[in-house]
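I have placed the structure first, in the form of structure tokens, so that the comments after it can refer back to it.
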Amino acid sequence: TKPEVAGIQLGGEPRILQDPADGVEAEIRLDKRVEIRLKSNPTTGYYWRLVDPLPVGLRLMDERYVADPAPEGIAGSGGTQIFLFQGDRTGQHDLFFSYQRSASDVAEARRIDIEVY
């Protein structure tokens, strides 16, 4: 028999949301993880910031930036910011991100709804 059942997230692999649109909804099981990947180019001064408060039911496990491959000598290429969360409490949890240089210079905002079940 197969070691998996449709709709159930098994093992340690997170659910990945690749550059999700504003208002996207996703589900994860309790104690499982979701990875949110947002395209970014910090060489412009902009970066994605997780806006407080962090929902009680999601725990931020990791945040990092991965640069896209670029030819040698090319400056200013972008990459991806990666946010890894774990579901700690069942319910609907909203994450708010802003792509900004500073609090007064916000280029974009996104809300991502995560349901932990």
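The values are calculated or read from the model by the stated rules, or taken from the named source; none is laboratory data. Values in this document were obtained by computation on a predicted structure and should not be read as measured data. Cβ placement follows ideal geometry from the backbone for every residue including glycine, while neighbour counts extend to all protein chains displayed. Ligands, DNA and RNA are stripped out before the accessible areas are found, and what is left, the full protein with its side chains, is counted by its heavy atoms. Shrake-Rupley method; radii C 1.70, N 1.55, O 1.52, S 1.80 Å.
Computed with a 1.4 Å probe over protein heavy atoms only, the accessible surface of the chain comes to 60 Å² per residue. Per the 1.4 Å probe, what fraction of the accessible area of the chain, in percent, lies on carbon and sulfur atoms? Whole-percent figure for carbon plus sulfur exposure: 50.
Under the convention that each Lys and Arg Cβ holds +1 and each Asp and Glu Cβ holds -1, the size of the dipole of the chain around its Cα centre is about 140 debye. Placing unit charges on the Cβ atoms only, positive for Lys and Arg and negative for Asp and Glu, gives region 49-117 a dipole magnitude near 120 debye about its Cα centre.
Projecting the Cα atoms of ALA67, GLY45, VAL116 onto the charge dipole of the chain (Cβ charges, centred on the Cα centre) puts VAL116 farthest toward the positive pole. Under a GNM of the chain (C-alpha, springs under 10 Å), which listed residue has the highest mean-square fluctuation: PRO71, PRO42, PRO20? Looking only at PRO71, PRO42, PRO20, the biggest GNM fluctuation is shown by PRO71.
DSSP beta bridges fully contained in the chain are about 80 percent antiparallel. Note that region 44-104 shows a convex hull volume over its alpha carbon atoms of 85 Å³ per residue. VAL24 label point, 7 Å along Cα→Cβ, cut-off 19 Å on backbone N: hits in region 39-76? Those under the cut-off are 39-42, 47-51, 55, 58-68.
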